[in-house]
Every structure is written in C-alpha cells, then in structure tokens.
Amino acid sequence: MITKLAGAGIAAAAVATMSTITVSMPAAMEVAPVPAVSETADVAALLAAARGAPPLICALATRSVGGWGWERFDAPSTPLGMVVTERDREMEVRDLAAADVALLLEGLDAQDPCVRELSVRLLGQQESPAVTSALTTRLTAADPATRAVAALGLGLLDEHASVDPLVRALGDADASVRANAAWALGRIEDRRALQPLVALVRDGQVMVREAAVIALGHLEASEPVETLVRVLQQDESPRVRRAAAWALGQIEARESAAALAAALGKEADARVREMMAWALGEIESADAIGALGAALRRDADERVRETAAWALGQIEDRAANEVLAAAAGNDASSRVRGTAAWALGQINDDNHRAPAGLLRVLTDQSRDARLKAAWSLGQIGDPATTAAIRDAIRTEQDVEVRRALVRALMKSGDRSEQTLNELLSSTDAEVREAVVRGLAGRSSFNPWPWPQPRPRPFP
C-alpha cells in the first residue's frame, strides 16, 4: 500500500544495498491488490525515491500500485522494458537457489528496513524446511526486531510445524513480536493456538489485542465467542472492537447477534458500526432486522447505512421491505440507494410486489443504482411495473442497464406483440439480443447483470 512516505520513501540506501544482491526472483510474486494512491500519498517523495532505482526494485514497487489489464496481463511495451515484462508473465513460482536463500537470510539481519522487508517476503514463499528452521531459530534472537520479522516469515510460510514456537512467542516481552506471532497463528489456523490467543486479548498493547482477535476469527471456532463479545462491549480501542465484530461475523456466531444488535445502536465509532452491520449480515439472524433498519434510517455515516442495507438483503426477510424501499427511494447517498435496491431483489417475496421506492431508482442519477434497481425488478417479477420499465428502457443510455431492464420486463410478464415488436426493432443490438434470450426462456445474459455490492470491510 502506498501511504504517506517518511523521509525519502524507498530510501536511497535501501536501493543501493539491494542493488548489490543478485536474487533469482520467483517468477510471479503474489502481491495482494491495494487501493489506488490515497489523498495522503506523498507523490513527490515517491517519484524522487524512484529515480535511479534498479528495474527489479522498481517492478516490485509498481506491483503495489496496480493498474493492470486483463487479470494482470500487462501491455506489450512498458517503460521498464521486456526483462521485467517477461518475468511478470511467467506464472510458475520457482524455488530459490540455496545461495539466494542464504543471501535473504542475511538480509533479515540487515539494518535497512527495505532489505529486511524484501528478504522476509521472498523467504515467505519458499516451502523449505531449512527456511522454516532458520526463522524458528530467529524467534529467540536477542534483537526484538529480528524476532518480529521471524514471526512474520513463519506466518507467510503457513507451516503447522511452527505453531508451538509461535505460541511461545505470544509471551515475548516485545509487543511487535507478540502481535506478529498472533497474526502468524491466525494464518496457520491451528486450533492448538486457541487458548493462548484467547488469553492474549487482555494484552496491554492495542496492536497485540487486535492481532489476537483477528486470529481467533480465522480459527472460526465457537469457543471464544463469549470472549469476543466481551471485547466488543468493553475494549477501549475502536480498532479492537472492530476486529471483534469482524471475528464474530467470520465465525457466524448466531449467539452473538443480540449483543451485536444492541452495540450497533450505541457504538460511537462509525467504522466499528459498519463492521457490526456486516457481522449481522453474515450471521443472517432475523432478530437483527430492527437494529439494522434503525441504522439504515438514522446513521449519519453512509458506509454504515449501506452495509446495513446489504445485511438486510443477506437476511432475506420481508419484514425489511419497508425500510429498504424508503432508503432506495430517498437516501441522500447513491451508494445506499443502490444497495437498498439490490437488497430488495434479494428478498424472496411470494407476493411479487415491487415497492414504489424501487421504481423511483430507475431514474436515479447513479448508473450503479439504476442497474441494481433493474436487476431487482427482474427478481421480483411484478406485472404492475412493466409500464415504468418500458419508459426506463426508452431513456436509458447505459448498455448493461438496458439489458437488465429488458430482463426485468420479460420476467415481469410483458410479452405483448406491441412490446416485442418495439424491442426487436430497436437500433440497440444488445436490447434485441436480450429479447431473443428472454423469448427462448433464458433470463440471463452475458455478462450476467448481477450487481453485487462492494466488498465488505474486512480488517
């Protein structure tokens, strides 16, 4: 992730040091996608640090920026040239030579943080007993920074053989070591770590408690639910409370629904409320409809309202129709209007009646909201909506929305000769194709107009 850089960012010293190390890089390093440069990015410092950097270092940095084409298949010609391009196109991961592994192990002890970071990330891809052993040995090193990076590397390796030494590291005097050990145990997902992680949620350091709670969520065990509820209710840190809400949703702990619903109306931090709403959607308890509906109507933060609408769609209970319809038609945020419209299509209503609020979204200024409303109308299949859908088709400019509207029209039962002639005479080939598919009994199109909401707020 590119954040505000301290000093010169990728320091010139780091670049100079790494330029002397010859490493046979794995062909396709897996780097998680990250958001675009945020408002806090120091672009001037980033560009200054990039000048003169070796191509390999620059390639690693540009991977974090993103901007790739078809599933990471890059353009034929890029400023870094074919050496980097060909390396990126090779999808198999090669084992490093023993000499390169030795260099990387030396890199773990370097003073430069860039060297240490690159070294541990590369070592974390090597499924080698020698690497696991070397990192385990470093868990007891005198330098706490070395112990912390060793825990990081063991977590990247995801080796069950590392569980016992990592559990012992949970008692380390250094908070960074304890936090990394908890994180690593969460990645390994071995239940031997369950009780030691439960004990760690009382740690005095926020980052340690947060890491322990997230690790418990990854273990997906029911035993720590009571502990996680207590953390949700009592921990002084919003970060830790947010992690506890996520963990309860990850575990899908139905016994925590009442506590989450009660806390949703009292929590001061918006990001925690957002995660609470997400957790209630994962748990899918109808008992949460009242709390989620209140959040959708009254919460000041649009992320919380949108997630509440998504959660109500996940629960799929008709009792939420009224509050969702109101949000779809009237909320100030287009994101909330669109997700509320989507949620209405998720709910299986045997009466096949579309609320008026959903029809209003067909003329929404947001293309995303219109698409979701059209999809939902197709799911509901209300014959009374066909006139409004026909009017929307005549004015809609977006191709995918038009396809979704035609689908909605066909599924709502309008196959009159006049309607079919009008649609089949359209100058829009996409509309004509959608009609033919509908007449053939195929209600799906390619691409399928399934407007899922945005990814949920994982920690």
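FYI, it's all coordinate maths here, none of it is from the lab. Worth saying up front: this structure is predicted, and the values here are computed from it rather than measured. Every residue, glycine as well, gets a Cβ built from its backbone with ideal geometry; the counts of neighbours run over all protein chains shown.
Loop-located GluC sites (Glu not before Pro) across the stretch 276-317 with a Cβ neighbour count of 14 or fewer within 10 Å are 316, with loop assigned by DSSP. Placing unit charges on the Cβ atoms only, positive for Lys and Arg and negative for Asp and Glu, gives the stretch 119-278 a dipole magnitude near 280 debye about its Cα centre.
Over 11 Å, how big is the tail of the calculated P(r) for the stretch 353-404, in percent of all Cα pairs? Could you put the intermediate results ahead of the total?
Details: 858 of 1326 pairs.
For the stretch 353-404, the fraction of Cα-Cα distances above 11 Å is 65 percent.
For the stretch 255-265, putting each phi into the Karplus relation 6.51 cos²θ - 1.76 cosθ + 1.60 with θ = phi - 60° gives couplings of 5, 9, 4, 5, 5, 5, 5, 5, 5, 4, x Hz, in residue order, rounded to whole numbers and with x for Gly and Pro.
With an a/c value of 1.5 or above and a/b not larger than b/c for the gyration tensor axes a ≥ b ≥ c computed over the alpha-carbon atoms, the stretch 304-391 is described as oblate. Please name which of 397, 410, 387 has its Cα lying farthest along the dipole of the stretch 324-410 towards the positive end, using unit charges on Cβ (Lys, Arg +1; Asp, Glu -1) and the Cα centre as origin. Farthest towards the positive end: 397. If one puts a single equal scatterer on every Cα of the stretch 236-362 and applies the Debye formula without solvent, what log₁₀ I(q)/I(0) results at q = 0.11, 0.21 Å⁻¹? Result of the Debye calculation: -0.33, -1.09. For the peptides 203-210, 162-169, the ranking by packing is 162-169, 203-210, with the highest mean count of neighbouring Cβ atoms within 10 Å listed first.
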